[in-house]
Amino acid sequence: MNRVYTNIGIITFPISEAGLIPLRQLASILYPIINRLYLVTGNDGLKIEANEKTYVTGITYRAGSNSLSKIARFSIAQVRISYKVIQISNKVNALFFFIGGPSMLIPIITSKLLRKKTVLVLAGSDYKSSKAQNRFLSLAIKIMTEIYLALSDKIIAYSSNIIKDEKLQRYLYKILVAHRHFIDFDKFKMRQQLNDRDNLVGYIGRLSEEKGTLNFVKAIPDTLRGKNDANFLIVGDGHLDGHLRYSIEEYLSEHNLNGKVKLTGWILHDNLPNYLHELKLVVLPSYTEGLPNIMLEAMACGTPVLATPVGAMPDFIKDGETGFIMENNSPECIANNVLRALSHPGLQQIANNGRALVEKEFTYEKAVEGYREILNKL
């Protein structure tokens, strides 16, 4: 049976440019197995390419400049999203809550009141993300997350390690495991062997606290003491006020590292393979993750990945086999593991193994089949 549900709704909190890729991936996976997709999103998410199967609606959202206005705008956004949910409710069989997590508590309550099949697609941990920024905010998000998880009919996790990492064992009865990731292997492919690359170490992603970006920057001096021919590339930009970029630039200047580190700012996704083919190692020092695209894209390009053991990353990176896992994301730990990886005698074989893994596990066909099984189980 190819078609499982007639119509599916995907609900996200208004997203940034970085959220477009995962949203497009999930939509494209669902297209072959549903009749129509109703997408409620906002901001850059409204730019998603629509086709005859897609109805796109949403809201615009800008965070307030102070605490009171932030709370007011956040609450109003939830109410407006809930209204959109009500508008499409009689046209869908199930609602998938995707990007935004506890930020959509009111919409998910609305979904339950409408007696719609309510499905959460878990990426990273909003609680851990907020904990890296603000202790009081993290407590509020933790409470909302517990309600959010309890209300759901089903929870989709990208891998088994996410269940353990997020301590979701009590919800095992309603957790389904599937990912929405697939790689364009014509674009992301190995062009250059590692021996032909310089010792260039890179971070690629959003410049934010939960990604551990500043920890990576602070690891650079210790790394250079162990390998003075190393250079560093930081690809990405900050969100909201971009304050972390200012902190990074200040640190590099204070430690005379500008000659060793290049900051590119945000780049087009189509240009990403060009950067990955220059790197000998990609570092993902995150506090929380789901299953990051950049990890898979780097592995597809034959670039080894060094990552923290969070989210789905340990399910696919086996230390010394398909990549490298570090104990934590402290600057000292990052530096020691970067040196370990760069000096590993089997680095090229590890790169080859990583490439073989993603070629096997992350095809479009496999992603579609995973979601076909998910919809059947609903």
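Read-outs throughout are calculated quantities, based only on the coordinates presented, and are distinct from any laboratory measurement. In this text the structure is predicted, and so the values were computed from the model without any measurement. Note that each Cβ is placed from the backbone with ideal geometry, even for glycine, and that neighbours are counted across all protein chains shown.
Observations, loosely collected:
Okay, residues lined up against (1) without any contact (Cβ under 8 Å) to a residue 40 or more places away in the chain; (2) farther than 30 Å from LEU168 by Cα:
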| site | (1), (2) |
| --- | --- |
| MET313 | no, no |
| GLU321 | yes, no |
| GLU327 | yes, no |
| ASN337 | yes, no |
| ALA351 | no, yes |
| GLU359 | no, no |
| PHE362 | no, no |
| VAL368 | no, no |
| TYR371 | no, no |
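- Per-region count, the stretch 141-173, residues surrounded by 15 or more Cβ atoms within 10 Å (Cβ to Cβ) and among the charged types (D, E, K, R): 5
- Unique match (being polar (S, T, N, Q), surrounded by fewer than 17 Cβ atoms within 10 Å (Cβ to Cβ) and assigned to a helix (DSSP H, G or I)) among ASN328, ASN337, ASN353, ASN376: ASN376
Yes/no per residue for (1) closer than 14 Å to ILE10 by Cβ; (2) without any contact (Cβ under 8 Å) to a residue 24 or more places away in the chain; (3) over 23 Å from the mean Cα position of the chain (by Cα):
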{"site": "SER67", "(1), (2), (3)": "no, yes, yes"}
{"site": "LYS70", "(1), (2), (3)": "no, yes, yes"}
{"site": "ILE76", "(1), (2), (3)": "no, yes, yes"}
{"site": "VAL85", "(1), (2), (3)": "yes, no, yes"}
{"site": "ASN93", "(1), (2), (3)": "yes, no, yes"}
{"site": "SER103", "(1), (2), (3)": "no, no, no"}
{"site": "ILE106", "(1), (2), (3)": "no, no, yes"}
{"site": "LEU114", "(1), (2), (3)": "no, no, yes"}
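- For the condition under 12 Å from PHE324 (Cα atoms), surrounded by 15 or more Cβ atoms within 10 Å (Cβ to Cβ) and hydrophobic (A, V, I, L, M, F, W, C), ALA367 does not qualify.
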